[in-house]
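Notes to accompany the following structure.
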Amino acid sequence: MDIFKILGFCLCALVLLSVLRQYNPGYAVLAALACCMVLLWFVMQALGPVLSFVETLSQFSGFEHLGTVFKAVAIALMAQSVQDLCMEAGQTALAGRVELAGKVAVKLHTGEQHGPNIIPRPWVQALLEKDLPGATIVETNTYYAGDRYTTADHRKTLEVNGWTFCPVDILDEEGTVDLPVAGGKWFDHMSMGSHITKYDSLFVLTHFKGHAQGGFGGSCKNIGIGCADGRVGKAEIHTVPGSDNMWSIAQEELMERMTESAKATVDHFGEHISFVNVLRNMSVSCDCEGVAAAPVVTPNIGILASRNILAIDQASVDLVYALKEEDRHALVERIETRHGLRQLTYMKELGMGNDRYHLIDIDNNDVEITAQDAAKDVVPFEG
């Protein structure tokens, strides 16, 4: 009889939500959440004997964590259900908060000591306090010797640069973990900082700029290099085994290896990953060059956000190409001479997203614009 009660409740709830969605979508969201809670109570009552059996089975099998696994699955299913309900009701902002559920990691480049072009710390602090309370910034140690080569030096650099307003987790501080690479040409797994598995969601906050080897550093580079551990993963991406030149892998092969590494992270987090690219202070140099970075000559353009890694990096590149020739020349030359565009085509080949997108201007009533529209009013950079 319980199954008929559940079915009857679901039918009544669907009718109620259909009416509310037409007249008041806001109330529809609240009603949907309430219905979910009641439905969960019904289901848990019905599954009581099943859960008792599972608990007994776990005791006999010696697998003590079976109950924890069931809880994790239940939480994931509930989060997905609530997110879907919010999206159906048009509450995309609320759905986004549900999407980045659980323990949230924020991956950004915290820079070498006194680096001039990194994302301003007050911006990041405001974002975390308002929209991602309790989130943790995550980084990995570098492959090259410098201010972030060891965990001790890395933490000193974090303090010097002012990243003291929230927790910062150096993912490879306590070792590595292998994440699978599906469909890769160069890898079937990638060595990451072991702490990456501690997090349920990943917010990829990227300073978009040039890069000495990658051509440009977007979201793909941020996680493709930035989540790989400093000794094994980054070496597999950059260096031919046995070579004395640690940067012996370059151009298109480097782009492909980096992209496969990024895919491992994207696949690991699944639906619980979002991307923001900040097109500001776009030197042709990476933030890893610190105070030695080349002077900025490319105008600031703006900030992009997406749930699609290929779309956001493609749109960022398109915006750079939409600038006037004299404004884009240095950065475009850096991108093309390093074969950086291979990042985009290889992401598409690996099925990591879509290179066709809609550019929505949220500062002007969410109107759709072109890259040329977005770039037409930029002014020359002034340091």
Checked the stretch 272-314 for anything touching a helix residue (DSSP H, G or I) at 6+ places or on another chain (Cβ under 8 Å), surrounded by fewer than 22 Cβ atoms within 10 Å (Cβ to Cβ) and under 19 Å from ARG342 (Cα atoms); matches are SER285
Suppose the filter is surrounded by 20 or more Cβ atoms within 10 Å (Cβ to Cβ), under 19 Å from ASP200 (Cα atoms) and either of a type in the set (Lys, Arg) or within 18 Å of the chain's Cα centre (by Cα) (or both); does THR140 pass it?
yes
Scanning the stretch 319-339 for residues that are out of contact with any Phe, Trp or Tyr (no Cβ under 7 Å at 6 or more places or on another chain) and of a type in the set (A, V, I, L, M, F, W, C), the one nearest to ILE249 (Cα to Cα) turns out to be LEU331
Just checking, does the stretch 239-261 include any residue being farther than 20 Å from GLU336 by Cβ and buried (at least 24 other Cβ atoms within 10 Å of the Cβ)?
yes
ALA145 is checked against (1) free of Cβ contacts under 8 Å to residues at least 40 places away in the same chain; (2) within 27 Å of GLY270 (Cβ to Cβ); (3) not aromatic (Phe, Trp, Tyr) and fails just one. What number does that condition carry?
(2)
Between a residue in the stretch 188-207 that is in contact (Cβ under 8 Å) with a residue 60 or more places away in the chain and any residue that is part of a strand (DSSP E or B) and aromatic (Phe, Trp, Tyr), which pairs come within a Cβ distance under 6 Å, given they are 6 or more apart or on different chains?
VAL204/PHE275
Residue pairs qualifying under the 6 Å Cβ cut-off, at least six apart or on distinct chains, with the first in the stretch 217-234 being in contact (Cβ under 8 Å) with a residue 40 or more places away in the chain and the second being assigned to a loop (DSSP other than H, G, I, E, B) and surrounded by fewer than 24 Cβ atoms within 10 Å (Cβ to Cβ), are GLY230/ASN141; GLY230/THR142; GLY230/TYR143; LYS234/TYR143
Within 24 Å of GLN251 (Cα to Cα) and small (Gly, Ala, Ser): is that true of SER316 in this structure?
yes
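Only the coordinates and a few stated rules stand behind these numbers; no lab work does. Computed from a predicted model, the values in this text were never measured in an experiment. Here the Cβ is made from the backbone with ideal geometry for all residues, glycine too, and neighbour counts use every protein chain on show.
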